[in-house]
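Worksheet: the structure to be examined is printed underneath.
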Amino acid sequence: MRPDLPEQVRIVEVGPRDGLQNEPGVVPTEVKVAFIDRLSATGLQAVEVTSFVHPKWVPQLADAAEVMAAIGDHPGVAHPVLVPNEVGLDKALAAGATEVAVFAAASEAFSQANLNTDIAGSLAMFAPVVQRAREAGLDVRGYVSTVLGCPFQGDVPHDDVLRVTAALLEMGVYEVSLGDTIGVGTPGAMQDLLDRLVDEVGVASLAVHCHDTYGQGLANTLAAFEVGVTTADASAGGLGGCPFAPGATGNLATEDLVYALHGSGVATGVDLDALVDTSAWMARRLGRPSPSRVVTATLATRETADR
Ligand code: HMG
Ligand code: MG
């Protein structure tokens, strides 16, 4: 383990939600369920399953309740679901969710595009969700999007990220995942942002969620680990994007993150081979190869070994 990296980290797998919400077609429910079950057996501690959002806004995840009903039992693996409002929370509770995530933005224009309301409106929408979810015994996570840049506004002031992050933590979320929604950040920009946030809210309540649009997802995530963050989101095979963020491509591939961490002596608990198998299986179902360099290289190495 390098002295500037944590001994172990927690990875929140977001492929079934962030990945499949951005597919051009609707993935069949049974494929989603098999994807989640396979991911949940790789040693990941958390696999985000789906979203209880308006099906007109995200038709790709309209089968959220069916997916929840069909996934297997995976003791010790958290299965959070996205919930924007009380309608979504009611549906998530009825489906047996044990963890939900609310999702705010640090830029007004993205909040409007993603949630049809401004930041203040979104926080007012989330407050009863967080309160009721916690009263029902659920864990509640928070996201803040566009922390390193907004597709509409461009630069996003650190103070805006801090204000929304602090508001969510005050509401009672156990952690805020800082989303570089369109993947424009750099390691320096990530560390500058964290320098502003860590003293104010504490590093233990922060996670990072880096899209890989500019190929910076791994560097930005490691930059966050270097300053004490120990939780990162990633997406199996590098699937992902946000339908309401023009230009957003997939998340940092979980395989690329796990490869880098294991090679640096950082424990994740994840079986990398099983993860690569799962992403290769999913790529066949989606009809295109995974953009993950580690998936591609591992499959090529296996082919060579088979010859
Ligand atoms: P709205 O149209 O303003 O909703 O959408 P409304 O409150 O005015 O209600 C209109 C109708 O929708 C009503 O039905 C509601 O019951 C119904 P009617 O009375 O007309 O028959 N409705 C719902 N139905 C099902 N599920 C619901 C729900 N809520 C209301 N939850 C809303 C507002 C928030 C619902 C909408 O904007 C929405 O669903 N947005 C979700 C957008 C989304 O999922 N974005 C992608 C996820 S975020 C992301 O990817 C970023 C992240 O990865 C981090 C990063 O990368 O930065 C997390
Ligand atoms: Mg995302």
Filtering the stretch 197-243 down to residues that are away from ligand 1 (no atom under 14 Å from the Cβ), of a type in the set (A, V, I, L, M) and either farther than 20 Å from E13 by Cβ or open to solvent by 10 Å² or more (accessible area, probe 1.4 Å) (or both) yields L197, V198, V201, V203, A204, L218, A219, L222, A223, V227
If we ask which residues in the stretch 157-181 are open to solvent by less than 20 Å² (accessible area, probe 1.4 Å) and either touching a Gly at 6+ places or on another chain (Cβ under 6 Å) or hydroxyl-bearing (S, T, Y) (or both), their number turns out to be 6
Please indicate, with yes or no, whether at least one residue in the stretch 115-123 is open to solvent by 40 Å² or more (accessible area, probe 1.4 Å) and touching a strand residue (DSSP E or B) at 6+ places or on another chain (Cβ under 9 Å).
-> no
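It is to be established whether one or more residues within the stretch 93-104 are within 22 Å of P291 (Cα to Cα), touching a residue at least 24 places away in the same chain (Cβ under 8 Å) and within 15 Å of ligand 1 (Cβ to nearest atom).
Let us first name the residues in the stretch 93-104 that are within 22 Å of P291 (Cα to Cα), namely none.
Looking for residues that are within 22 Å of P291 (Cα to Cα), touching a residue at least 24 places away in the same chain (Cβ under 8 Å) and within 15 Å of ligand 1 (Cβ to nearest atom), one finds none in the stretch 93-104, hence no.
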Quick check: is even one residue across the stretch 166-181 within 16 Å of ligand 2 (Cβ to nearest atom) and part of a loop (DSSP other than H, G, I, E, B)?
-> yes
Across the stretch 125-154, the tally of residues that are open to solvent by 10 Å² or more (accessible area, probe 1.4 Å) and among the hydrophobic types (A, V, I, L, M, F, W, C) stands at 6
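This table checks each residue for (1) open to solvent by less than 40 Å² (accessible area, probe 1.4 Å); (2) within 23 Å of D90 (Cβ to Cβ); (3) within 16 Å of ligand 1 (Cβ to nearest atom).
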site: R17; (1), (2), (3): yes, yes, yes
site: L39; (1), (2), (3): yes, no, no
site: W57; (1), (2), (3): no, yes, yes
site: A62; (1), (2), (3): no, yes, yes
site: E66; (1), (2), (3): no, yes, yes
site: P75; (1), (2), (3): no, no, no
Please find, among A92, A34, the residue that is of a type in the set (A, V, I, L, M, F, W, C), open to solvent by 10 Å² or more (accessible area, probe 1.4 Å) and assigned to a helix (DSSP H, G or I).
-> A34
Search result, residues across the stretch 96-114 that are open to solvent by 10 Å² or more (accessible area, probe 1.4 Å) and either more than 13 Å from L138 (Cα to Cα) or part of a helix (DSSP H, G or I) (or both) = F103, E108, A109, Q112, A113, N114
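Examine the stretch 129-136 for a residue that is assigned to a helix (DSSP H, G or I) and within 17 Å of the chain's Cα centre (by Cα), and state whether such a residue exists. Write out each step before concluding.
Start the filter on the stretch 129-136 by keeping residues that are assigned to a helix (DSSP H, G or I), which leaves 129-135.
Applying the additional criterion that residues be within 17 Å of the chain's Cα centre (by Cα) yields none.
Within the stretch 129-136, not a single residue is assigned to a helix (DSSP H, G or I) and within 17 Å of the chain's Cα centre (by Cα).
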Name every residue in the stretch 1-15 that is modelled with pLDDT of 95 or more and either open to solvent by 40 Å² or more (accessible area, probe 1.4 Å) or touching a strand residue (DSSP E or B) at 6+ places or on another chain (Cβ under 6 Å) (or both), in order of residue number.
-> E7, Q8, R10, I11, V12, E13, V14, G15
Does the stretch 260-276 include one or more residues that are closer than 22 Å to V58 by Cα, buried (at least 18 other Cβ atoms within 10 Å of the Cβ) and touching a strand residue (DSSP E or B) at 6+ places or on another chain (Cβ under 7 Å)?
-> no
Enumerate the pairs (first residue in the stretch 1-30 and without any contact (Cβ under 8 Å) to a residue 40 or more places away in the chain; second residue anywhere and open to solvent by 20 Å² or more (accessible area, probe 1.4 Å) and within 12 Å of ligand 1 (Cβ to nearest atom)) with beta-carbon separation below 7 Å, excluding pairs fewer than 6 apart on the same chain, so at least 6 apart or on different chains.
-> V26/P59; V26/Q60
In the stretch 77-89, how many are part of a strand (DSSP E or B) and open to solvent by less than 20 Å² (accessible area, probe 1.4 Å)?
-> 2
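The values are calculated or read from the model by the stated rules, or taken from the named source; none is laboratory data. This one's a predicted model, so the numbers in the text were calculated from it and none came from an experiment. When we count neighbours, we look across all protein chains shown, and the Cβ atoms used for this are built from the backbone with ideal geometry, even at glycine. Areas reflect the complete protein model, heavy atoms only, side chains present, ligands, DNA and RNA absent. Shrake-Rupley method; radii C 1.70, N 1.55, O 1.52, S 1.80 Å.
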